[in-house]
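Enquirer: Below: one structure in structure tokens.
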Amino acid sequence: MAHIIVVGNEKGGSGKSTTCMHVATALARQGLRVGALDLDLRQKSFGRYVENRRAYLARAGLTLATPDYRDLPDQDDATLQPGENPYDARLSAAVASLDPVSDFIVIDCPGSHTRLSQVAHSLADTLITPLNDSFVDFDLLARTDPETGKVKGPSIYAEMVWNARQLRAQAGLRPIDWIVLRNRLGAQQMHNKKKVGAALEELSKRIGFRVIPGFSERVIFRELFPRGITLLDLKDTGVDHLNISNIAARQEVRDLMRELRLPGVTPEF
């Protein structure tokens with residue numbers, strides 16, 4: 001069976017689609033078969049990223065490893081079983097079509113609570129939750145005391161992940177490896193950075209996730225999207241000289257892929 005990687009966060013602007021594209025492309029560049037789904041049926045940022053890549057490669061006459069992105073299939077309601085949710089059926093059909101031809105399936109969830117997102121979390125072998133490094137986004141994971149900053153309890157999103165874990169346990173599936181990805185780590189505001197880090201470490205022990213560093217705030221990520229390329233593709237697209245910022249960003253991608261500890265994936269990218 002394909003290993004399913006779900007990237008989820010119920011707040012927008014956390015870097016989900018950027019994370020999806022870089023993870024999916026890194027795996028594809030290793031010769032692995034990678035399927036891709038975008039459950040944000042309105043924005044489809046991940047889907048558009050892959051489409052931009054295909055268009056750019058066609059224009060440039062290049063051949064680079066690319067995830068096999070597919071839209072969710074349409075569903076004929078007449079074929080549904082009594083009480084079956086049409087969104088469940090569409091997602092199940094998409095995963096079933098990709099599973100036999102994929103080593104990994106990367107699924108991007110919308111920045112809101114939806115039925116599709118809820119079901120996708122229960123399918124995750126690896127769950128990546130990108131989080132902007134601030135207490136504004138920390139609220140996604142837990143409720144905190146406004147005076148002391150101490151964790152008071154898990155958030156609705158954390159409870160959804162817990163429910164997904166319970167469903168998988170009941171089905172006899174492997175436990176979810178939940179990873180919180182600290183994005184937009186900046187060199188400034190070190191005091192706040194340490195407070196967020198301490199709170200995440202405390203919470204990780206209580207509700208069971210791993211914390212790893214993600215991507216810093218860099219202009220390069222916005223520049224890559226229109227061409228559909230990633231930091232690992234730059235030399236293959238004719239960029240012979242990388243500036244220090246781009247080299248550092250590429251190293252962040254490599255560090256992320258090592259920390260994910262995905263089965264069958266070599267540590268070098």
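The values are calculated or read from the model by the stated rules, or taken from the named source; none is laboratory data. Source: prediction; values computed, not measured. We place every Cβ from the backbone using ideal geometry, glycine too, and count neighbours over all the protein chains shown.
Enquirer: Among the numbered criteria (1) in contact with a Pro (Cβ under 7 Å, 6 or more places away or on another chain); (2) under 30 Å from Arg143 (Cβ atoms); (3) surrounded by fewer than 18 Cβ atoms within 10 Å (Cβ to Cβ), which single criterion is violated by Arg258?
Expert: So the condition that Arg258 fails would be (2).
Enquirer: Go through the residues of the stretch 47-58 one by one and say whether even a single one is touching a residue at least 12 places away in the same chain (Cβ under 8 Å), more than 26 Å from Glu268 (Cα to Cα) and surrounded by 19 or more Cβ atoms within 10 Å (Cβ to Cβ).
Expert: Within the stretch 47-58 (the criterion being touching a residue at least 12 places away in the same chain (Cβ under 8 Å), more than 26 Å from Glu268 (Cα to Cα) and surrounded by 19 or more Cβ atoms within 10 Å (Cβ to Cβ)), the answer is yes, since at least one residue qualifies.
Enquirer: Counting only residues that are among the hydrophobic types (A, V, I, L, M, F, W, C) and part of a loop (DSSP other than H, G, I, E, B), which one in the stretch 1-18 is farthest from Ser117 (Cα to Cα)?
Expert: So, considering only residues that are among the hydrophobic types (A, V, I, L, M, F, W, C) and part of a loop (DSSP other than H, G, I, E, B), the one farthest from Ser117 (Cα to Cα) is Met1.
Enquirer: Looking at the stretch 1-14, I want the residues that are buried (at least 18 other Cβ atoms within 10 Å of the Cβ) and have a partner that is small (Gly, Ala, Ser) and modelled with pLDDT under 90 with Cβ atoms under 7 Å, at least 6 apart or on another chain. Which pairs are those?
Expert: Matching pairs, first to second residue: Asn9/Gly111; Glu10/Gly111; Glu10/Ser112.
Enquirer: Next up: For the stretch 233-269, enumerate the residues that are closer than 26 Å to Ile176 by Cα and β-branched (Val, Ile, Thr).
Expert: Listed by number, the residues that qualify are Val253, Val265, Thr266.
Enquirer: Can you tell me which residue within the stretch 130-163, out of those that are over 14 Å from Lys193 (Cβ atoms) and among the acidic types (Asp, Glu), is surrounded by the fewest Cβ atoms within 10 Å (Cβ to Cβ)?
Expert: Among them, the one singled out is Glu147.
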